[in-house]
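Colleague: Can you keep this structure in mind? I'll have questions shortly.
Just so you know, all these numbers are worked out from the coordinates, no wet-lab data involved. What you are looking at is a predicted structure, and each value in this text was computed from that prediction instead of being measured. Virtual Cβ from ideal backbone geometry, glycine too; neighbours counted across all protein chains shown.
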Amino acid sequence: PHSRGRVVSDKTSGFLVASKDTASELNPLLQLPKGVRRGYALLPPLLKVLSERGHQSWASEAPRLQPDSRALRYMKRLYKMSATKEGIPKTNKSHLYNTVRLFTPCSECQHRHRDLRKGDVHSVDLLFNLDRVTALEHLLKSVLLYSFDTPVPISSSTTCTCRLSVKEQDFPGQVCPSISHSLALSLRVEVRKRKWVEIDVTSFLQPLIATNRRNIHMAVNFTCLMGDPQHNTQLETPIDAALVPPSLLLYLNDTSEQAYHRWNSLGHRRKIPARPRQGNSPRVDPMGDKGKENSQGKRASRRR
Amino acid sequence: RDENLKEAPATPPSNLSEYFKQFLFPQNECELHNFRLSFSQLKWDKWIIAPHRYSPQYCKGDCPRAVGHRYGSPVHTMVQNIIYEKLDPSVGKPSCVPAEYSPLSVLTIEPDGSIVYKEYEDMIATKCTCR
């Protein structure tokens, strides 16, 4: 059993990494290594099914909060763009992410007021809980996703100004905390039968997500003017009536073993390693023996 | 080989390559088999939104005695076969296992209601080997 554990463990331990409760349920030895919190979406239920004996009905997972239908529609569209019908990831170079997470705000304090000079201002305080983002998922891009509830008139283009500010919680549980830093983005949106407006907030959220902040409070003021701003035409339809609180979309690169890494497949097809892969084992030197000494020197300098 | 020939049928078989095949490769040789499942069979379609169907495939069958280059098997595989046949059958014959995989994209609903699109490595067997 000992040798079996030694030979097999580092190959399968990645596979058997699961959320804490499932792993300890199965076998106390399967404790998560430090820092790898929460398993991957698929693993905990797979392990739960494997840990059940016989033909008990496959226990469906604990009840899950149901997502917003608009958000679900957007993610299904993203899935169709990213994978084939059989579920095989499409290999287009621009698509560097292997994980996309969509969060809907868990609480919001909405303020709406009409400012004749500036058009309709739609401002809302949002709280996003990012607990599901694992330590091995690195942010590539983040987007605030606005969807229009009612078909927005397509008479002309729309100029929207969006003002973002992150709020710090002065004390835990505070619902609408004070502002810590903010950013004004002005974007010209061609709202022609578009159901979605994406606002890139990567540079804004990067520092927060990089410091593993799990609760992000932000205030978003969204002002839109229909038609050409010079003529200051009034809003035919108050746009904020069409806007619903935005979702937060994170494009991530999951660096864990289980996740699919494009450069692995583009560079060379992965095969079953004759021996379990030891992390980043140095590649076999293509120069064979004759280049041994300098390749070793090279390898040592690379390692230094 | 000669004792096998004693059992050989009197009349020479029509197709020699078929005839010799029975000696060279086992009948149910190690190969990739199709298997398709839908997540609704596992009652997981509540939280796995896409894909609806998934074909993980699998490897099954006996490994030929002299596997060599045919399966990309290391020499160890033949050594294990010799150990099994000549020294200690409890060691067991080489196994028919996947050699290469392809990834799978999955769209799931997390317990907190957030939605995640994830691409997993090694979810579909695409090639078999004897190890």
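Colleague: What residues have an amide H closer than 5 Å to that of A:K141, excluding those fewer than 5 places away on the same chain, when H is modeled at 1.01 Å from N in the peptide plane?
Modeller: Placed amide hydrogens put A:Y251 under 5 Å from A:K141.
Colleague: Looking only at Cα atoms, what is the convex hull volume of the stretch B:22-131 per residue, in Å³?
Modeller: 131 Å³
Colleague: A further question on this structure: For the pairs A:K76/B:K46; A:K85/A:K195; A:K90/B:K46; A:K195/B:K118, flag any whose C-alpha to C-alpha distance is greater than 21 Å.
Modeller: A:K85/A:K195; A:K90/B:K46; A:K195/B:K118
Colleague: OK, next. Work out the mean other chain Cβ neighbour count within 10 Å for the residues of A:250-259 and drop it here as an integer.
Modeller: 3
Colleague: Within 10 Å of each Cβ of A:74-84, how many other protein chain Cβ atoms are there on average?
Modeller: That average works out to 4.
Colleague: Find out how many positive minus negative residues lie around A:P89, taking Lys and Arg as positive, Asp and Glu as negative, among other residues whose Cβ is under 9 Å from that of A:P89.
Modeller: +1
Colleague: Same structure, new question: Find out how many positive minus negative residues lie around B:C96, taking Lys and Arg as positive, Asp and Glu as negative, among other residues whose Cβ is under 11 Å from that of B:C96.
Modeller: 0
Colleague: Take every residue in peptide B:45-51, count the Cβ atoms of other chains within 10 Å of its Cβ, and give the average of those counts.
Modeller: 5
Colleague: So how do A:205-211, A:131-137 stack up, highest first, on mean other-Cβ count within 10 Å?
Modeller: Ranking, from highest mean packing down: A:131-137, A:205-211.
Colleague: Rank by packing, highest mean first: peptides B:37-45, B:100-108, B:81-89, with packing defined as the count of other Cβ atoms within 10 Å averaged across residues.
Modeller: Result, highest mean first: B:100-108, B:37-45, B:81-89.
Colleague: Which parts of the stretch B:87-131 would a label at A:T91 reach, counting a residue when its backbone N lies under 20 Å from a point 7 Å out along Cα-to-Cβ?
Modeller: Within reach of a label on A:T91: B:99-106, B:118-128.
Colleague: Count the net charge of all other residues whose Cβ sits under 14 Å from the Cβ of B:F35, scoring Lys and Arg as +1 and Asp and Glu as -1.
Modeller: Residues near B:F35 contribute +1 overall.
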